[in-house]
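Student: Below: one structure in C-alpha cells.
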Amino acid sequence: MDIKAHLENVDNQGLAADARHWFVMRDLKRRNAKLPAYKMCENLGLEYFTPMVHRLVSVHGKLENREVPFMQDLLFIKETRLRLDPIVEDIPTLQYRYIAGVQHTPMVVREKDMERFIHAVRSVESPQYYRPEEITPDMLKRKIRIIGGPLDNYEGFLLTVRGSKVKRLLIELPTFLAASVEVEPEFIQLIK
C-alpha cells in the first residue's frame with residue numbers, strides 16, 4: 001500500500017486528535033537531496049516544523065540565496081504513531097529520535113512548548129537559531145518576560161549584542177535547539 005493510501009485509510013478510522021504528538025525525527029538524506037523529509041511531509045499533508053535559515057548555496061556553479069534547514073537532520077512532525085509508523089517504515093531515511101537508555105521510546109516535545117516555539121520564530125522575519133552546545137552561561141544571565149505585543153507572556157533570556165540597539169529574546173526547546181527573536185524594548189520586563 002502506498003503512503004497516501006495508508007494515510008487516507010487511517011483518517012477514515014476516525015482517530016482521536018488528542019493522540020497526536022510532536023515527534024522528534026531525523027532526516028538522513030544528504031543536504032542537496034531533491035526531496036528532503038520536510039518536503040515529503042508537505043506532499044503527504046503532514047503537520048511539520050523544521051527551523052529554516054537563508055544560506056548561499058552553490059547550484060550549477062552559481063551561488064543562490066536559498067532557504068534551507070538550520071540543522072539538516074532535525075525535523076518535528078505532529079502526528080499519531082499509528083499514522084507515522086508506516087511512513088517511517090516506508091522511508092528508510094526518515095527515523096524517529098529515541099530517548100537515550102529507553103528502548104523504542106521516541107522523543108516527543110510537549111505540544112504547548114512546540115506551539116509557543118513555532119509561534120515565536122514565525123512572528124519575526126529572521127530568527128537566529130542556536131544548537132544546545134552554542135548556548136553559553138553568559139546568554140542565560142537576564143531572565144525576562146514580554147508584556148504586550150505578539151509575544152505577550154513569553155519568558156526567556158535577554159540577549160544583547162554590543163553596539164546594537166536590538167534586543168532579542170532567547171526561547172529554548174531544551175536539548176534540541178534555541179532561537180532568538182527580536183523584541184521591542186518597551187515590552188521587556190526583567191524577572192528577578
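Student: Could you list, in sequence order, all residues of segment 127-140 that are assigned to a loop (DSSP other than H, G, I, E, B), free of Cβ contacts under 8 Å to residues at least 60 places away in the same chain and surrounded by 14 or more Cβ atoms within 10 Å (Cβ to Cβ)?
Tutor: I135
Student: Out of everything in segment 100-120 that is basic (K, R) and in a helix (DSSP H, G or I), what residue ends up being nearest to E172 (Cα to Cα)?
Tutor: Let us first name the residues in segment 100-120 that are basic (K, R), namely 110, 112, 116.
Filter once more, keeping what is in a helix (DSSP H, G or I): 112, 116.
Values: K112: 13, R116: 10 Å.
Taking the candidates together, the pick is R116.
Student: Shifting gears a bit: What tally of residues in segment 44-67 results from selecting those that are buried (at least 17 other Cβ atoms within 10 Å of the Cβ) and assigned to a strand (DSSP E or B)?
Tutor: Of the residues in that region, 2 qualify.
Student: Filter segment 144-167 for residues that are assigned to a strand (DSSP E or B) and closer than 10 Å to I188 by Cα; which is modelled with the lowest pLDDT?
Tutor: Filtering first and then ranking leaves K167.
Student: Look through G148, G156, G163 and report the one residue that is closer than 23 Å to V109 by Cα and either in contact with a helix residue (DSSP H, G or I) (Cβ under 9 Å, 6 or more places away or on another chain) or surrounded by fewer than 11 Cβ atoms within 10 Å (Cβ to Cβ) (or both).
Tutor: Being closer than 23 Å to V109 by Cα and either in contact with a helix residue (DSSP H, G or I) (Cβ under 9 Å, 6 or more places away or on another chain) or surrounded by fewer than 11 Cβ atoms within 10 Å (Cβ to Cβ) (or both) holds for just one of G148, G156, G163, which is G156.
Student: May I pose another question? Please enumerate the residues belonging to segment 70-85 that are surrounded by 17 or more Cβ atoms within 10 Å (Cβ to Cβ) and of a type outside the set (D, E, K, R).
Tutor: Result: F70, Q72, L74, L75, F76, I77, L84.
Student: Within segment 38-96, how many residues are among the hydroxyl-bearing types (S, T, Y) and within 17 Å of the chain's Cα centre (by Cα)?
Tutor: So the count comes out to 4.
Student: Moving on. Q189: part of a strand (DSSP E or B) and more than 20 Å from V53 (Cα to Cα), yes or no? Quick ask: steps written out before the conclusion?
Tutor: Numbers: part of a strand (DSSP E or B): yes; more than 20 Å from V53 (Cα to Cα): yes.
Considered against the rule, which asks whether it is part of a strand (DSSP E or B) and more than 20 Å from V53 (Cα to Cα), Q189 comes out as yes.
Student: On to the next question. Given V124, V88, V181, which one is out of contact with any Phe, Trp or Tyr (no Cβ under 6 Å at 6 or more places or on another chain), surrounded by 16 or more Cβ atoms within 10 Å (Cβ to Cβ), β-branched (V, I, T) and part of a loop (DSSP other than H, G, I, E, B)? First the steps, then the outcome.
Tutor: Values: V88 fails: part of a loop (DSSP other than H, G, I, E, B); V181 fails: part of a loop (DSSP other than H, G, I, E, B).
V124 is the lone residue from the list that is out of contact with any Phe, Trp or Tyr (no Cβ under 6 Å at 6 or more places or on another chain), surrounded by 16 or more Cβ atoms within 10 Å (Cβ to Cβ), β-branched (V, I, T) and part of a loop (DSSP other than H, G, I, E, B).
The values are calculated or read from the model by the stated rules, or taken from the named source; none is laboratory data. On a predicted model such as this, the values are computed, not experimentally measured, just so you know. Positions of Cβ are generated from backbone atoms using ideal geometry, with glycine treated the same way; all protein chains shown enter the neighbour counts.
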